[in-house]
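Peer 1: Starting off with a structure, shown below.
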């Protein structure tokens, strides 16, 4: 049996896909998802073989789902779109299949045949290369999301949602608004991962999202501190803040 996940923010579109696929004896339909974040969690929890993925969804697009999960973990994907010409060109250039709304039963059968061939033909390596190429073609980069597992849930965090990151033993703690998440790893790894998104080190055990910083104090009369826009004060290191000040002066 081929397990199938449907991801579309439109209820009628999800229902129509389910009706079209229900009669296929070799397909097992998983509970559908209404947004990209739910799709990321379902992929990690249920490991579907095949996914029908809407391109244009609020909050998290189909491309961003692919970037969040990564090419190696993605099932075979059939993208679904209504009018995004650029997306169609990217799909064609990377030899990925897609369904252009509205589509009929004949087009669906061609798509299923291609998906079955992918799954039966041992072409996983080629498929991963195609997904990686699609991310490059659409300007979506790997690693733009941080995935945090909490019990049965997988939480998808964009870098811009994270206020700061601090070392916590064998883990790092990510603060996002009022929520705090633990992730196994080192602060150095997180620095390399988040530096392109504007994170800077303010202490040997702390990174901060520069967009969240309101001010920092690094003079002789005060203990080094960074103040976030929400008012939170973070202890800092004078050496790191001086280096940051030198960088800022050089950019002026």
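Just so it is clear, none of the values below were taken in a lab; they were calculated from the coordinates. Keep in mind it's a predicted model, so treat the numbers as computed, not measured. Heads up, the Cβs are rebuilt from the backbone with ideal geometry, glycines too, and the neighbour counts pull from every protein chain shown.
Peer 1: Could you work out the percent of alpha carbon pairs in segment 157-251 separated by over 20 Å, rounded to a whole number?
Peer 2: Numbers: 1421 of 4465 pairs.
Considering segment 157-251, 32 percent of its Cα-Cα pairs are separated by more than 20 Å.
Peer 1: How much length is gained on full extension from residue 225 to residue 47, taking 0.36 nm per residue of separation minus their Cα-Cα distance?
Peer 2: Values: separation 178, 0.36 × 178 = 64.08 nm, distance 4.45 nm.
Separation in residues times 0.36 nm, less the Cα-Cα distance, equals 59.6 nm.
Peer 1: In nanometres, what is the gap between the two model label sites at residue 35 and residue 148, each 7 Å from Cα along Cα-to-Cβ?
Peer 2: 1.7 nm
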